[in-house]
1. Might you check whether a residue that is within 21 Å of the chain's Cα centre (by Cα), assigned to a helix (DSSP H, G or I), at pLDDT 85 or above and surrounded by 14 or more Cβ atoms within 10 Å (Cβ to Cβ) occurs anywhere in the stretch 109-124?
2. Scan (1) out of contact with any helix residue (DSSP H, G or I) (no Cβ under 9 Å at 6 or more places or on another chain); (2) under 19 Å from residue 152 (Cβ atoms) for the single condition residue 84 breaks and write down its number.
3. Any chance the stretch 75-88 includes a residue that's in contact (Cβ under 8 Å) with a residue 60 or more places away in the chain, assigned by TED's automatic domain parsing to the domain that holds residue 132 and buried (at least 16 other Cβ atoms within 10 Å of the Cβ)?
4. Mind listing whichever residues of the stretch 1-26 are within 29 Å of residue 73 (Cβ to Cβ) and out of contact with any strand residue (DSSP E or B) (no Cβ under 7 Å at 6 or more places or on another chain)?
5. Check residue 29 against each of (1) in contact (Cβ under 8 Å) with a residue 12 or more places away in the chain; (2) in contact with a strand residue (DSSP E or B) (Cβ under 9 Å, 6 or more places away or on another chain); (3) not assigned by TED's automatic domain parsing to the domain that holds residue 121 and name the one condition it does not meet.
6. Any residue at all in the stretch 53-63 that's touching a residue at least 24 places away in the same chain (Cβ under 8 Å), exposed (fewer than 14 other Cβ atoms within 10 Å of the Cβ) and assigned to a loop (DSSP other than H, G, I, E, B)?
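The values are calculated or read from the model by the stated rules, or taken from the named source; none is laboratory data. Here the structure is a predicted model, which means the values were calculated and not measured. With ideal geometry, Cβ positions are generated from the backbone for all residues, glycine too; neighbour counts draw on all protein chains shown.
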């Protein structure tokens, strides 16, 4: 532990030290993924305290939360279901695209087919994003004052 830690960082350090040391955790890296596995979370904590700027220490440590297996499983299952739905929709839309351009090489037909593909896949992509966001809610709710914006916590 760094003796120059501010009080808030120290609280987060001791919270992590007292908790499970292995398993799945949120935001081991500030850019995600949201959920990641660690066999020794204190190695990551040590790295953050030694190699990252002090003004980021508390935020980074606060965003590292242990995820109980039941939440991890639900998150993974929701993500897998969304992936399957997206994959199926893409395959269906791609098949329609290929069928539309098969009889001709006319650029106009290709443009129309591309537009049809985009229109066919758009609702599923939106549903995929919404399902992913919904699956993140229980995970992100573990983090007090979560700052995740979809790209980074910083």
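1. yes
2. For residue 84, the exception is condition (2).
3. Yes; the residues of the stretch 75-88 include at least one that is in contact (Cβ under 8 Å) with a residue 60 or more places away in the chain, assigned by TED's automatic domain parsing to the domain that holds residue 132 and buried (at least 16 other Cβ atoms within 10 Å of the Cβ).
4. Residues satisfying the conditions are 12, 13, 14, 15, 16, 17, 18, 21.
5. Among (1) in contact (Cβ under 8 Å) with a residue 12 or more places away in the chain; (2) in contact with a strand residue (DSSP E or B) (Cβ under 9 Å, 6 or more places away or on another chain); (3) not assigned by TED's automatic domain parsing to the domain that holds residue 121, residue 29 violates only (1).
6. Scanning the stretch 53-63 turns up no residue that is touching a residue at least 24 places away in the same chain (Cβ under 8 Å), exposed (fewer than 14 other Cβ atoms within 10 Å of the Cβ) and assigned to a loop (DSSP other than H, G, I, E, B).
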